[in-house]
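What follows draws every value from the coordinates through simple rules; no lab data is involved. All of these numbers come straight from a predicted model, not from anything done at the bench. Because the Cβ atoms are built from the backbone with ideal geometry, glycine has one as well, and the counts that use them run over all protein chains shown.
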Amino acid sequence: MQHALSMHTVHTMSSNLKLRVHIAPVGFEIDRIVIPAKKMRADKVWLISHSNRSQDKARPFLEKVKKTLEKNNIEVKENSADRYRLFDIVRVVKEIILEDRQHDIYLNVASGSKIHAVGLMMATMIFDDRENLHPFYAQAKDYHHTKVTEPQTSGVEQISDLPTYQIQTPPQKQLEALKILVDNNGKMKKKDMAQRAEDLQLITINAQTGNHSQARFASLDKNIIAPLENQWGYVKTEKVGRNRWIHLTDEGRWASEFLI
């Protein structure tokens with residue numbers, strides 16, 4: 001199974017695009033969002049709130065951050081993710097990056113929880129071209145042990161840029177096959193998968209082969225099923241009666257949340 005990171009760093013503070021866009025999960029912080037946005041002259045800030053608004057204790061902090069940023073003529077947009085689900089955070093951050101892909105994007109790994117920080121870094125790893133993705137850490141000046149109604153820190157001592165890495169992901173055709181499984185509740189007969197893969201031109205059938213059905217299975221196995229099962233661990237196959245079934249594994253479900 002393959003989970004290796006390709007350890008090629010990129011320079012993270014080049015700025016040659018039109019807008020400076022910040023992405024900041026909202027926890028119990030104000031300064032660690034506002035001060036970097038002001039110092040780094042952000043044009044827009046995406047605030048990520050908790051998707052369960054009735055349980056979002058950080059909501060008052062988001063409102064204060066939003067008002068302060070808008071007073072400084074910084075555009076504010078909001079999206080939400082389940083703060084307890086890593087791959088939901090990765091999915092939302094990926095969507096934001098894709099929406100503002102033409103701009104310079106700065107990801108604030110210090111403003112939310114540890115799960116938020118991991119999610120932001122993972123989201124940067126998905127992209128082959130990461131030249132305009134700039135994760136950074138804002139070190140607080142003072143730390144407080146206060147009630148949740150008060151910020152946990154105040155001030156920003158230093159802003160440090162972080163390197164980005166690339167995480168290897170399956171090729172697009174394998175991801176499209178993964179989506180077929182997801183759309184079929186995570187399992188389907190191999191013959192149905194083969195037909196669907198051929199319809200979507202995910203596999204190529206050798207026209208020279210007399211037995212079309214056999215050739216289709218061979219192509220599916222070689223190009224789709226074997227890599228997803230043996231290299232990535234995203235699917236498993238089993239024989240039930242006369243039929244072979246393809247199932248998503250737990251890891252396949254997790255990966256599909258943000259890869260497709």
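Values for this structure:
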| read-out | value |
| --- | --- |
| Taking 46, 232 and counting other C-beta atoms within 10 Å, the order from fewest to most | 232, 46 |
| Karplus (6.51, -1.76, 1.60) ³J(HN,Hα), θ = phi - 60°, over region 182-193, in Hz, Gly and Pro reported as x | 4, 5, 10, 6, x, 7, 6, 5, 4, 5, 6, 4 |
| Value of Rg/Rh across region 95-207 [Cα atoms, Kirkwood radius] | 1.19 |
| Theoretical gain in end-to-end length, residue 195 to residue 165 [0.36 nm per residue, Cα-Cα removed] | 7.1 nm |
| Of all DSSP beta bridges in the chain, antiparallel share, percent nearest 5 | 45 percent |
| Sequence-distant residues sharing a close amide H with residue 46 (under 5 Å, placed H) | 22, 23, 24, 77 |
| Per-selection Rg to Rh, region 172-259 - Cα, Kirkwood hydrodynamic radius | 0.96 |
| Two-decimal Rg to Rh for the chain - Kirkwood Rh, Cα set | 1.09 |
| 17 Å tail of the calculated P(r), region 156-197, as % of Cα pairs | 52 percent |
